[in-house]
Amino acid sequence: MVKKNDEKIFIDLGNKLRKAREEARLTQAEVAKAANVNVSYYAEIERGEVNPSYIKLQAIMKALKIKSLDII
């Protein structure tokens with residue numbers, strides 16, 4: 001079961017990734033393809049519905065050309 005505080009963390013992460021994607025003028029599909037993840041999975045991350053693995057998050061940050069400090 002996901003705790004309420006964890007849900008907030010997932011939503012905050014998703015919002016930061018969405019903002020970075022929009023600033024980069026990329027679509028969810030473009031980010032997903034570059035990060036080698038399914039577009040629906042990436043959309044779930046942006047909505048704060050799932051907790052991506054560290055490896056997937058690293059791939060997404062690379063696709064967005066951002067550093068971990070940009071989303072912490």
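Just so you know, all these numbers are worked out from the coordinates, no wet-lab data involved. Since the model is a prediction, treat every value here as computed from it, not as a measurement. With ideal geometry, Cβ positions are generated from the backbone for all residues, glycine too; neighbour counts draw on all protein chains shown.
Tell me, what ³J(HN,Hα) does each residue in segment 50-55 have, in order and in whole Hz, if you take phi through Karplus 6.51 cos²θ - 1.76 cosθ + 1.60 with θ = phi - 60° and put x for Gly and Pro?
Computed from phi, the couplings for segment 50-55 are 9, 10, x, 5, 4, 5 Hz.
For a protection proxy built on the mean count of beta-carbon atoms within 10 angstrom, sort 20-26, 46-52 highest first, please.
Averaged packing, sorted descending, gives the order 46-52, 20-26.
What number does the chain give for Rg over Rh if you use C-alpha atoms and the Kirkwood radius?
0.94
Once label points are set 7 Å from the Cα along Cα→Cβ at both residue 33 and residue 11, what is their separation, rounded to one decimal in nm?
Result: 3.2 nm between the two label points.
For each of 4, 67, count neighbouring Cβ atoms within 10 Å of the residue's Cβ, then give the residues from fewest to most.
Going from sparsest to densest Cβ surroundings: 4, 67.
To test your reading of the geometry: what angle, between 0 and 90 degrees and rounded to tens, separates the Cα axis of helix 4-23 from the longest principal axis of the chain?
For helix 4-23, the angle is close to 10 degrees.
Do you know the relative contact order of segment 4-71, to the nearest whole percent, from alpha carbon pairs under 8 angstrom that are 6+ apart?
Value for segment 4-71: 41 percent.
Note the full-extension length gain between residue 58 and residue 22 as 0.36 nm times their separation in residues minus their Cα-Cα distance, in nm to one decimal.
11.2 nm
Please give the calculated 222 nm ellipticity per residue for the chain, where each DSSP H segment of at least 4 residues contributes -39500 (n - 2.57) and the sum is spread over every residue; nearest 500 deg cm²/dmol?
-21000 deg cm²/dmol, from helical runs alone.
Taking 0.36 nm per residue of separation and subtracting the Cα-Cα distance, what length does fully extending residue 4 through residue 65 add?
Using 0.36 nm per residue and subtracting the Cα-Cα distance, I get 19.0 nm.
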